[in-house]
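Enquirer: Quick one: this structure, given as structure tokens, is what I'll be asking you about.
The values are calculated or read from the model by the stated rules, or taken from the named source; none is laboratory data. The shown structure was predicted, so the numbers you read here are calculated from the model rather than taken from an experiment. As a convention, Cβ positions derive from the backbone with ideal geometry for all residues, glycine included, and neighbour counts pool all protein chains shown.
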Amino acid sequence: MTSLAARICAIACIAAGVLASTAIATPRPLMKPILLDPSGAIIQPTPTPRPAGTAPRVGLQAGHWLSRELPDELERLRTSAGAFAGGIAEWEVNLDIAQRTAALLTAQGVTVDVLPATVPPAYDADAFIALHADGVAGSAARGYKLATSWRTSRASAALMAALDQVYGDVTGLPRDDAITINMRGYYAFNYRRHVHAIARTTPAVILEMGFLTNPADRAFMIDQADVVAGAIAEGVLAYLRQRDPNDGAALLPVEYPMQRPARAGVVVRAAPRDDARVLAPLDEDSRLVVFSARDGWYEVVVRGGWRTIGWVPVVDVVPTDEMIAPPASANP
Ligand SMILES: [Zn+2]
């Protein structure tokens with residue numbers, strides 16, 4: 001919490017110097033000076049681009065690999081062994097495909113780190129892809145899933161889009177859109193809470209490559225591992241080709257101050273529309289963590305249970321200077 005307070009203070013102080021003349025007034029006075037852009041996002045300093053000619057660096061994390069060696073701050077996840085089916089552990093599949101993908105990318109001049117469950121502190125790279133394979137009770141569920149962190153930068157969104165486009169086409173696996181809170185709350189994305197996490201500006205996605213618990217998916221990931229690796233490598237290369245290395249602002253996750261209801265009777269809705277289903281009523285003690293903004297609405301999660309994700313009108317809430325304690329990290 002202390003480091004978060006320091007971060008927001010640092011952001012505000014730096015932004016205040018650079019952007020004082022263009023800053024938008026906050027809707028109401030805050031205890032701490034947090035500068036907001038017109039969408040309500042916190043204004044942050046833009047990262048400096050890497051020197052021209054630097055080889056791109058990509059981190060491929062083999063999910064659950066060596067999870068017993070996770071540091072004390074992630075002790076809770078040391079027993080998170082991942083899925084197991086058909087006599088094979090998820091980490092074995094993840095590591096095999098990470099290594100095959102690494103070979104393909106290295107041949108294209110990319111510097112690759114194959115990473116275990118433990119991510120180096122504030123891991124800084126041009127892309128970070130966490131590789132996992134799903135597991136559920138029963139064998140029917142199949143397909144791949146892709147997700148970014150809660151706080152998504154334009155670069156992370158572009159990386160996900162590039163992978164999504166290639167992965168489905170090349171592997172022929174169906175896409176499973178049921179993105180879970182655990183994927184978005186992936187521990188290695190959570191730079192606010194953990195030292196052993198990606199840097200704030202590292203574009204990152206988590207890919208559930210298929211269901212280990214589905215015989216067809218499992219056979220594909222094992223027997224056609226080179227096809228899976230080729231799809232991932234092609235998606236990463238497509239992202240690296242299309243990005244603008246000088247667009248430092250694309251690397252910044254959009255961050256918002258925590259919000260509280262402006263009045264009684266505010267509700268969270270399932271979609272950014274006045275006639276959308278009501279998911280949860282709010283009271284004066286409710287606090288909302290904002291993840292995106294669209295058309296005068298905020299996409300929020302309600303602090304506490306972390307199960308209600310929905311939308312509130314921007315005019316129905318006011319920012320608070322309270323610290324954001326995000327949902328607990330997960331390792332799906
Ligand atoms: Zn996993």
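Enquirer: Conditions: (1) of a type in the set (Lys, Arg); (2) surrounded by 13 or more Cβ atoms within 10 Å (Cβ to Cβ); (3) at pLDDT below 90. Arg269 meets all but one. Number of the miss?
Expert: Every listed condition holds for Arg269 apart from (3).
Enquirer: Next question, about the same structure. Please indicate, with yes or no, whether at least one residue in region 140-150 is more than 11 Å from the chain's Cα centre (by Cα) and more than 16 Å from the ligand (Cβ to nearest atom).
Expert: yes
Enquirer: Name the residues in region 80-99 that are away from the ligand (no atom under 13 Å from the Cβ) and farther than 19 Å from Ala141 by Cα, would you?
Expert: Asp96, Gln99, listed by residue number.
Enquirer: Kindly check whether there is at least one residue in region 291-300 that is within 22 Å of Ala199 (Cβ to Cβ) and at pLDDT below 95.
Expert: Yes.
Enquirer: Let me ask something additional. So, in region 61-79, of the ones that are more than 14 Å from the ligand (Cβ to nearest atom) and closer than 15 Å to Pro120 by Cα, which residue ends up nearest to the chain's Cα centre (by Cα)?
Expert: Ranking the qualifying residues of region 61-79, first place goes to Leu74.
Enquirer: I'm trying to understand the selection: among the residues of region 196-228, which are over 16 Å from the mean Cα position of the chain (by Cα) and aliphatic (A, V, I, L, M)?
Expert: Met209, Leu212, Ala216, Ala219, Met221, Ile222, Ala225, Val227, Val228
Enquirer: Of these, Arg50, Arg57, which one is under 23 Å from the mean Cα position of the chain (by Cα), at pLDDT 95 or above and more than 16 Å from the ligand (Cβ to nearest atom)?
Expert: Exactly one residue qualifies, and that residue is Arg57.
Enquirer: What number of residues in region 195-219 are within 16 Å of Arg142 (Cα to Cα), among the small types (Gly, Ala, Ser), touching a strand residue (DSSP E or B) at 6+ places or on another chain (Cβ under 9 Å) and more than 16 Å from the ligand (Cβ to nearest atom)?
Expert: Residues flagged as within 16 Å of Arg142 (Cα to Cα), among the small types (Gly, Ala, Ser), touching a strand residue (DSSP E or B) at 6+ places or on another chain (Cβ under 9 Å) and more than 16 Å from the ligand (Cβ to nearest atom) within region 195-219 amount to 1.
Enquirer: Would you confirm, using the coordinates I've provided, whether Asp176 is assigned by TED's automatic domain parsing to the domain that holds Pro121, modelled with pLDDT under 95 and within 22 Å of Gln224 (Cα to Cα)?
Expert: yes
Enquirer: In addition: Given the condition farther than 17 Å from Gly59 by Cα, assigned to a helix (DSSP H, G or I) and assigned by TED's automatic domain parsing to the domain that holds Gly138, answer yes or no: does some residue in region 184-206 qualify?
Expert: Yes, the conditions are met somewhere in region 184-206.
Yes/no per residue for (1) surrounded by fewer than 22 Cβ atoms within 10 Å (Cβ to Cβ); (2) among the polar types (S, T, N, Q):
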{"position": "Ala162", "(1), (2)": "no, no"}
{"position": "Asp177", "(1), (2)": "yes, no"}
{"position": "Val195", "(1), (2)": "yes, no"}
{"position": "Thr202", "(1), (2)": "no, yes"}
{"position": "Gln224", "(1), (2)": "yes, yes"}
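Enquirer: Still on this structure, please answer the following. Anything in region 115-138 that is away from the ligand (no atom under 16 Å from the Cβ) and either β-branched (Val, Ile, Thr) or buried (at least 19 other Cβ atoms within 10 Å of the Cβ) (or both)? List them, or say none.
Expert: Matches in region 115-138: Tyr123, Ala125, Asp126, Ala127.
Enquirer: Scan Ala107, Ala102 and give me the residue that is assigned by TED's automatic domain parsing to the domain that holds Gly135 and within 23 Å of the chain's Cα centre (by Cα).
Expert: Ala102 is the lone residue from the list that is assigned by TED's automatic domain parsing to the domain that holds Gly135 and within 23 Å of the chain's Cα centre (by Cα).
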